[in-house]
Structure formats: structure tokens, C-alpha cells
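Take this structure first; my questions come after.
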Amino acid sequence: MKIENYIRDIQGFPKEGILFKDITPLLINPEARTNCLRILVNSLENQKIDKVVGAESRGFFFGMLLAQELNAGFVPVRKPKKLPFDTISASYELEYGTDSLEMHTDAIKKGDRVLIHDDVLATGGTAKAVCELVEKLGGEIVQCNFLMELTFLNGREKIAPYPVFAALTY
């Protein structure tokens, strides 16, 4: 089964000139979803993971599944003012301006072995901000994990030297 057959291209979303990679067909097909989860888990080569950190919002889907499969805690990273407890934040560059992400201050303990998960590695800004949050709390990043990587945007360079795995590359 090829999981790329379950990624739908949407031209002009969210704005003209963008080719959006829609993961909805993957999410609604149990066999494809399970196969994709297997690929993501197998990339870890039996490494011990204490926490899976999922980036808002599409990183939550497989992030929770990975946490369940790995018997690890799940940590949501969200846009500002979405988390109810004390938070830390990290900013990142957008095409026009900046944005930021937040994580609860008690989400990661010093020495926790952390898997970071998001749906797409594009320019690397979001992933770099998530790495900064994990490091601020003393977590050890085992791997940055993605459903897909858009290699032409060179995001991998921004999050070096962390190990990166993507189930699909474009």
C-alpha cells in the first residue's frame, strides 16, 4: 500500500499559488492510516520515547496515535492563548512576519526523551520553534518526525542537527 495515494493535492489553498497536501483521505482510511503509523513507528528503531510533542493542529492526529503506540505522554504545542496553564513560547518566521507557539511549562521534564511530530516539514520554522520549546524545558530530542517533507523548501537545514524522518518526500 502506498500512502502517497491517500494524500490529495488541492490547488490554490489556502491561497493562490499554493499546492496544499490534504491528509484527509489518509485519516479516513483505517488501513492506510495504520500503515502510515507503522512506517512512522518503525523509523524510531525501538528507541525509548517518553513524550510525543505534536504541533498544532495537524500534528495532533498522528501525534496522539504515536504516543499511544509508544506508550508515551502526548504534549500539544499550540498557537498563543490556547493553553490554559503556565506556558513558555517560541517565535518563528512566516513569509510575511512572525508567529509563535506555546507549550505548558510542566509538559516536559529534564531528560525526557522526546519525539516531535508534525504533518509537514516545509521551511522548518514551526519545527525549529517546537525544538526550542523542548530544549527550554530540558528535553532530549530523539527525532523530528513528519508525514511528509517538501524537500525543495530546505526545512531540514533549519532543524539540523536533529535526526529527521518523513514518511513521504516531495
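The values are calculated or read from the model by the stated rules, or taken from the named source; none is laboratory data. This is a predicted model, so every value here is computed, not measured. Heads up, the Cβs are rebuilt from the backbone with ideal geometry, glycines too, and the neighbour counts pull from every protein chain shown. These area figures cover heavy atoms from the full protein model, side chains too; ligands, DNA and RNA do not enter into them. Shrake-Rupley method; radii C 1.70, N 1.55, O 1.52, S 1.80 Å.
Can you list the residues, at least 5 places off or on another chain, whose amide H is less than 5 Å from the amide H of Ile141, using H built in the peptide plane?
Answer set, sorted by chain and number: Val114.
What pairs from Lys51/Lys158; Lys15/Lys136; Lys2/Lys109 go past 28 Å between their alpha carbons? Display every interim value, and only then the final one.
On the way: Lys51/Lys158 22 Å; Lys15/Lys136 34 Å; Lys2/Lys109 37 Å.
Going by Cα-Cα distance, Lys15/Lys136; Lys2/Lys109 fall outside the 28 Å limit.
In debye, nearest 20: dipole of the range 1-97 around its Cα centre with unit charges on the Cβ of K, R (+) and D, E (-)? Please report the intermediate quantities before stating the final value.
Values: 13 positive and 12 negative charges, 45 e Å.
So the magnitude is around 220 debye.
Continuing with this model, one more query. Using a ≥ b ≥ c from the Cα gyration tensor of the range 97-170 (square roots of the eigenvalues), is it rounded, prolate or oblate, where a/c under 1.5 gives rounded and otherwise the larger of a/b and b/c decides, a/b for prolate? Show your work: numbers first, answer last.
Values: a/c = 2.24, a/b = 1.55, b/c = 1.44.
Because a/c hits 1.5 or more and a/b exceeds b/c, the range 97-170 counts as prolate.
Sticking with this one: Let me make sure I get this right: for the range 23-62, a, b and c are the square roots of the gyration tensor eigenvalues over alpha carbons, sorted descending. Under 1.5 in a/c it's rounded, otherwise prolate if a/b > b/c, else oblate. Which is it? Intermediate results must be reported in sequence, preceding the final value.
Values: a/c = 3.41, a/b = 1.31, b/c = 2.60.
Cα axes put the range 23-62 in the oblate bin.
Another question, then. Please give the calculated 222 nm ellipticity per residue for the chain, where each DSSP H segment of at least 4 residues contributes -39500 (n - 2.57) and the sum is spread over every residue; nearest 500 deg cm²/dmol? Intermediate results must be reported in sequence, preceding the final value.
Numbers: 5 runs with 46 residues, N = 170.
Only helices count here, giving -7500 deg cm²/dmol.
Shifting gears a bit: Using every alpha carbon pair in the range 46-169, what percent of pairs falls into each 10 Å bin from 0 up to the bin containing the largest distance?
Each 10 Å bin holds this share of Cα pairs: 15, 50, 32, 4, 0.
Which order do the peptides 116-123, 25-32 come out in when sorted by mean C-beta neighbours inside 10 angstrom, highest first? Mind dumping the intermediate values first?
Numbers: 116-123: 23.8, 25-32: 14.2.
Listed from highest to lowest mean packing, they are 116-123, 25-32.
Suppose every K and R has +1 on its Cβ and every D and E has -1 on its Cβ; what is the size of the dipole of the chain about the Cα centre, in Debye to the nearest 20?
Details: 20 positive and 23 negative charges, 47 e Å.
Charge dipole, the chain, about its Cα centre: 220 debye, nearest 20.
Rank these residues by their accessible area, most exposed first, probe 1.4 Å: Tyr162, Tyr170.
Numbers: Tyr162 50, Tyr170 75 Å².
The ranking, largest first, comes out as Tyr170, Tyr162.
Can I ask one more? For the chain, what does the accessible surface come to per residue with a 1.4 Å probe? Please give it in Å². Before the final figure, lay out the partial values.
Numbers: 8940 Å² over 170 residues.
Counting only protein heavy atoms, the per-residue value for the chain is 53 Å².
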